[in-house]
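Peer 1: The structure's right below; bear with me while I get my questions together.
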């Protein structure tokens, strides 16, 4: 499997920012606080925040009162959107086999495997598109 650990951490980052701002604890969160409380090294967090910023999920503000906050309402952010921000179209499974065997049977085996893995990834993405950050925030309080 190929999705990065940064994908999982990015979900936590969005939840953390969302939760703190939702409870009126902050208007903007500092990267130092996010790094500290989520135990994400600053270089990793910077990459995560850059990807989330490029995907228009977060916004940043410089200065003493600056930091990070969500650009979108948590009810409008799906886990799939975060995946796409972090992985940028990278497939979950590698389906380039580069085998030396030739012929109908090896070709059909490769086609079958590729179809199975593509279908599995599509089902995963469909499931991730159903879950919003808002729903996760609600589940946190149950």
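Peer 1: If you check every pair at least six apart or on different chains, which have Cβ atoms under 8 Å apart with a residue in the stretch 52-75 that is free of Cβ contacts under 8 Å to residues at least 60 places away in the same chain and at positive phi first and a residue that is in a strand (DSSP E or B) and surrounded by 11 or more Cβ atoms within 10 Å (Cβ to Cβ) second?
Peer 2: Hits for this filter: 67/29; 67/60; 67/61.
Peer 1: I'd like to check something: does the stretch 89-102 contain any residue that is modelled with pLDDT of 90 or more, closer than 30 Å to residue 72 by Cα and in contact with a helix residue (DSSP H, G or I) (Cβ under 7 Å, 6 or more places away or on another chain)?
Peer 2: no
Peer 1: Could you please give the count of residues in the stretch 58-94 that are under 16 Å from residue 17 (Cβ atoms) and in a helix (DSSP H, G or I)?
Peer 2: Here the count works out to 8.
Peer 1: So which residues in the stretch 58-78 are within 17 Å of the chain's Cα centre (by Cα), under 15 Å from residue 31 (Cβ atoms) and surrounded by 15 or more Cβ atoms within 10 Å (Cβ to Cβ), if there are any at all?
Peer 2: Scanning the stretch 58-78 gives 58, 68, 69, 70.
Peer 1: Does residue 81 satisfy the condition of being closer than 23 Å to residue 130 by Cα, within 13 Å of the chain's Cα centre (by Cα), surrounded by 15 or more Cβ atoms within 10 Å (Cβ to Cβ) and at pLDDT below 95?
Peer 2: No, not satisfied.
Peer 1: Residue 91: closer than 21 Å to residue 126 by Cβ and touching a strand residue (DSSP E or B) at 6+ places or on another chain (Cβ under 7 Å), yes or no?
Peer 2: No: the conditions fail for residue 91.
Peer 1: Please count how many residues of the stretch 1-41 are under 19 Å from residue 63 (Cα atoms) and either free of Cβ contacts under 8 Å to residues at least 40 places away in the same chain or part of a helix (DSSP H, G or I) (or both).
Peer 2: 9
Peer 1: Which ones in the stretch 47-57 are surrounded by 15 or more Cβ atoms within 10 Å (Cβ to Cβ) and not in a helix (DSSP H, G or I)?
Peer 2: Those that are surrounded by 15 or more Cβ atoms within 10 Å (Cβ to Cβ) and not in a helix (DSSP H, G or I): 55, 57.
Peer 1: Only one of 44, 132 is surrounded by 11 or more Cβ atoms within 10 Å (Cβ to Cβ), in contact with a strand residue (DSSP E or B) (Cβ under 6 Å, 6 or more places away or on another chain) and in contact (Cβ under 8 Å) with a residue 24 or more places away in the chain; which?
Peer 2: Just a single option satisfies the conditions, and that option is 132.
The values are calculated or read from the model by the stated rules, or taken from the named source; none is laboratory data. Note that the coordinates shown come from a computational prediction; the quantities given were computed from them, not determined experimentally. Every residue, glycine as well, gets a Cβ built from its backbone with ideal geometry; the counts of neighbours run over all protein chains shown.
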